[in-house]
């Protein structure tokens, strides 16, 4: 008796693994039940398939039709009654090969569409988008988003850079440069003062050129690449504005360049 119970559990486990394996290669749960049922009972009428698979009768023809399209079930008429037969399990390999071909065709299609899709995306991005972030975590999110969207070799220009804020903000800006430098993004900050350790640390960084303009207002404004502007307000609660606009970025870049010319090296 114990042996029979063990065999029963073993068969249940094998049946479960068969179902999960077939579902993994792309068959639905109902398709799997019908296909396995037909393999077990052979050529059968719909009623026999329903009994073995325990499916709802309302779905059976839809499932059989889908399996026929996949090449996993064939049909025949015996005494004017439709009968269905599972094709050889080897046909599963052909089914997988067919899926590979379809995937290759879809991949090729998407690749051919990419230029026009990206063009649509660029046109959409030309519209002004303004995002507001609150607090220290919000600032980190805004800056990460801005840098992640930049390409290697682009530049960040910043005005009114100052150490006069909470230490956690200064630490964040210092540590951020590892990511910036790894991406080979140049940095040109205009500091409001240079008598600080914050200034001295940036002075030694690679891909960084610094100038000082001590009359500039104390709200840092940064231009990231060609189309992003970041404005930081450090008073509690800290507020960060991230503006997506090539036109606005160009305007601030022109202001930056004029102040850069007047600034001290």
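The values are calculated or read from the model by the stated rules, or taken from the named source; none is laboratory data. If you're wondering where the values come from, they're calculated on a predicted model, not measured in any experiment. Cβ placement follows ideal geometry from the backbone for every residue including glycine, while neighbour counts extend to all protein chains displayed.
When residue 183 is tested against (1) surrounded by 12 or more Cβ atoms within 10 Å (Cβ to Cβ); (2) more than 21 Å from the chain's Cα centre (by Cα); (3) more than 26 Å from residue 239 (Cα to Cα), only condition (2) is not met. Filtering 86, 146, 142 for residues that are touching a strand residue (DSSP E or B) at 6+ places or on another chain (Cβ under 8 Å) and free of Cβ contacts under 8 Å to residues at least 60 places away in the same chain leaves a single hit, 86.
Taken over the range 161-180, residues that are surrounded by 14 or more Cβ atoms within 10 Å (Cβ to Cβ) and out of contact with any helix residue (DSSP H, G or I) (no Cβ under 9 Å at 6 or more places or on another chain) amount to 1.
Matching residues to (1) in a loop (DSSP other than H, G, I, E, B); (2) outside the structural domain of residue 180 (by TED's automatic domain parsing); (3) surrounded by fewer than 18 Cβ atoms within 10 Å (Cβ to Cβ); (4) in contact with a helix residue (DSSP H, G or I) (Cβ under 6 Å, 6 or more places away or on another chain):
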site	(1), (2), (3), (4)
214	yes, no, yes, no
219	yes, no, yes, no
223	no, no, no, yes
229	no, no, no, yes
232	no, no, no, no
237	yes, no, yes, yes
242	no, no, no, yes
247	no, no, yes, no
250	no, no, yes, no
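Listed by position, the strands (runs of 3 or more DSSP E) inside the range 55-154 whose residues that are loosely packed, with under 11 Cβ neighbours inside 10 Å and outside the structural domain of residue 239 (by TED's automatic domain parsing) number at least 3 are 73-78.
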